[in-house]
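Single-structure report; data block below.
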Amino acid sequence: MADNTEVLYASSDNLVTVEGVQNAITDAYISDAVVKLMICAEEEILNVNAEAVVDESGGKVGLPVIGHGLVTGVSIRVDGTENYNEEYTVDATSSANKIVVTATYVAETFTGDEKVYPSVSGTASVTLSYVTSSNGNYQGVLPYTAKLVAEKEYYAIISITSGSNKVLIVSLWKAHHKT
């Protein structure tokens, strides 16, 4: 069973709505999912190098991303791996060619097709709450520090978890000023 959604909206007061979260098999709207949203600038997406994950010990792992330029505390979303498709925070022990995050080490060698999505400066993922008596609508507020630029393209990374089902939607989204 998988979940899906229809539309993402953001209003001028930074209220974000994900509409129509529903079971992809039964089409039933879902009211008990955990829905998270992260915004990433299109040009900031990073490719992971075709190398092995490094056990940094102490519950940390190193992801091979040469010249990533990320600073401590940045929220990232990793996608396309076997074991590390989650949201993380860049650790202070990261180096220029390795992003260190808190995670349980599981041996994996990346192919080079995996992606790291850094959040827009000043933001982490936003947890969206179910809108009572709606057709699977969830809402939350993006921090004003998100600094989205009108007419620029971003990736909206929506993570939906319902029971044991987890879906990641990565969608190109353009910010518009509403007049």
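Read the figures in this text as sums done on the coordinates, not as results from a lab. Please read all numbers here as calculations on a predicted model, not as lab measurements. When we count neighbours, we look across all protein chains shown, and the Cβ atoms used for this are built from the backbone with ideal geometry, even at glycine.
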- Query: Given just the C-alpha atoms of the chain, how large is their convex hull per residue in cubic angstrom?
  - Reply: 122
- Note on the structure: FRET efficiency (Ala107, Val141; Cβ distance; R0 25 Å; to 0.05) is 0.05
- Item | GNM result for the chain, Cα springs below 10 Å: residue of Asp13, Asp55, Asp91 fluctuating most strongly | Asp13
- Inter-label distance for Asn97 and Val34, nm, one decimal - labels placed 7 Å from Cα along Cα-to-Cβ: 3.6
- Extent along principal axes [Cα atoms of the range 42-118; Å; largest to smallest]: 31, 26, 19
- Task: Can you tell me how much longer the chain between Val54 and Thr161 gets when fully stretched, taken as 0.36 nm per residue apart minus their C-alpha distance, in nm with one decimal?
- Result: 35.7 nm
- Answer in debye to the nearest 20: the dipole magnitude of the range 42-118 about its Cα centre, from +1 Lys/Arg and -1 Asp/Glu charges placed on Cβ, is 240
- Among Thr111, Thr89, Thr26, residue whose mean-square fluctuation peaks in a GNM of the chain (springs only between Cα atoms under 10 Å): Thr26
